[in-house]
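For reference, the structure discussed in these notes is given below.
Throughout, read-outs are computed from the coordinates displayed, never taken from laboratory work. On a predicted model such as this, the values are computed, not experimentally measured, just so you know. Here the Cβ positions follow ideal geometry from the backbone for every residue, glycine too, while neighbour counts run over all protein chains shown.
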Amino acid sequence: MTFLGMPATGPAVTALPASADGPAGQPLDLSILYRGPLASCDYDCPYCPFAKRRDTPGQLRADRAALERFTGWVAERAGTGDTVSVLFTPWGEGLVRSWYRRALVELSRLPHVRRVAIQTNLSCRTGWLAEADLDTLAFWVTYHPGQVDHDRFLAKCRELDALGARYSIGVVGQPEHLAAARRLRAELPPAVYLWINAAEGYTYTDEEAADWTALDPHFGFSRHAHPSAGRPCRTGESVVSVDGDGTVRRCHFVREELGNLYDGSYRARLAPRACPLPVCDCHIGYVHLETLPLYDVFAGGVLERIPHTR
């Protein structure tokens, strides 16, 4: 098939009938965290735990082909009874690449896609959103003081507001970011959630934690790692991680493979299971722990990190 204006790339995908490829023959309602090989970013934040590099043209072509294959698979789920939600979690910045923008537009229009969202620094233009279904598309935005001018970033947020796009914005809780985060909170619409990620390796005093909690009432969930060993988690059952080769794992942090997306081998292994790791300290992981109340906190906005409002 052709998707995103490109010929299908990679080994042919043999679609299995819906009556045969789901657990007990049942259709799936699956959330997928997709991370392809893209690793280049237009920012070079010193606190980022991911090594930045400049992708070669060949690496970019490989990432584009992998994304095209994945989005083609999602499109082919139409009519099978499956429903799919997708969060793109690239190592680098995806929205400066045209193929990610087109993928978001195309996926947002598919009736069996409940939500499609992406983690982004919002450095791209926003005009392409006019083609998307903004009832389905959403953004997990991170503001990086020192990498972008405050007024320039705020102008992008106002463009999203004018379009009616769903988004949350976050800041890494470095002490030197507190003033910038306070200024941003004061100038954002009250309905926009500003989340704070605890800085990796940093221990917060109660006074510091109170400062961040004044901006993000849910900062306490990020402040400390969560014990997870032996505790039930939705990953591996209704939530999975997929890489550019189609390898399916329960999440980004557990390396055990459940199978491959494109041959359907993962489906028979979807089941409730406990976490094998001692702790979980990343929101995209611990949000799915059944021992935490975060599916209630973020009801309707788990992938894009938007709390439920009553």
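Quick notes
- Calculated [θ] (222 nm, deg cm²/dmol) that DSSP helices of n ≥ 4 give over the chain, each run adding -39,500 (n - 2.57): -7500 deg cm²/dmol
- Rounded FRET efficiency, nearest 0.05, which uses the C-beta distance separating Arg109 from Ser238 and R0 of 30 Å: 0.80
- In the chain, the longest principal axis of the Cα atoms and the axis of helix 98-108 are about 70 degrees apart.
- Cα gyration tensor, segment 82-232 - rounded (a/c under 1.5), prolate or oblate: oblate
- Among Thr291, Thr142, Thr235: highest mean-square fluctuation, GNM of the chain, C-alpha pairs under 10 Å: Thr291
- In Hz, Karplus ³J(HN,Hα) per residue of segment 71-87 (6.51, -1.76, 1.60; θ = phi - 60°; x = Gly, Pro): 5, x, 4, 4, 4, 6, 6, 4, x, 8, x, 6, 10, 9, 10, 10, 10
- Segment 124-215: trypsin sites (Lys or Arg not before Pro) in DSSP coil with no more than 16 other Cβ atoms inside 10 Å: Arg125
- Relative to the dominant Cα principal axis of the chain, helix 206-215 is inclined by about 70°.
- Label point of Ala179 set 7 angstrom out along Cα-Cβ; within segment 132-162, amide nitrogens under 19 Å from it belong to 143-154.
- Residue-by-residue Karplus 3J(HN,Hα) for segment 59-64, coefficients 6.51, -1.76, 1.60, Hz, glycine and proline x: 5, 5, 5, 5, 5, 5
- Cα shape, segment 133-185, gyration tensor, a/c 1.5 rule: prolate
- In summary, the convex hull built on the alpha carbon positions of segment 143-247 has an orientation-averaged projected area of 9.7 nm².
- When the P(r) of segment 185-224 is calculated, the portion above 16 Å amounts to 33% of the C-alpha pairs.
- Angle between the chain longest axis and helix 178-187 axis [Cα atoms, degrees, rounded to 10]: 80
- Eigen-decomposition of the gyration tensor built on the alpha-carbon atoms of segment 242-302 gives equivalent ellipsoid semi-axes of 23, 13, 11 angstrom, largest listed first.
- On the basis of the beta-carbon distance and an R0 of 45 Å, Asp133 and Val279 show a calculated FRET efficiency of 0.75.
- Label-point gap, in nm, between Gln26 and Thr291 - each point 7 angstrom along Cα→Cβ: 2.5
- Seen from every direction in turn and averaged, the convex hull around the alpha carbons of the chain projects onto 15.8 nm².
- Extending 7 Å from the Cα toward the beta-carbon at both Asp206 and Ser265 defines two label points whose distance is 5.3 nm.
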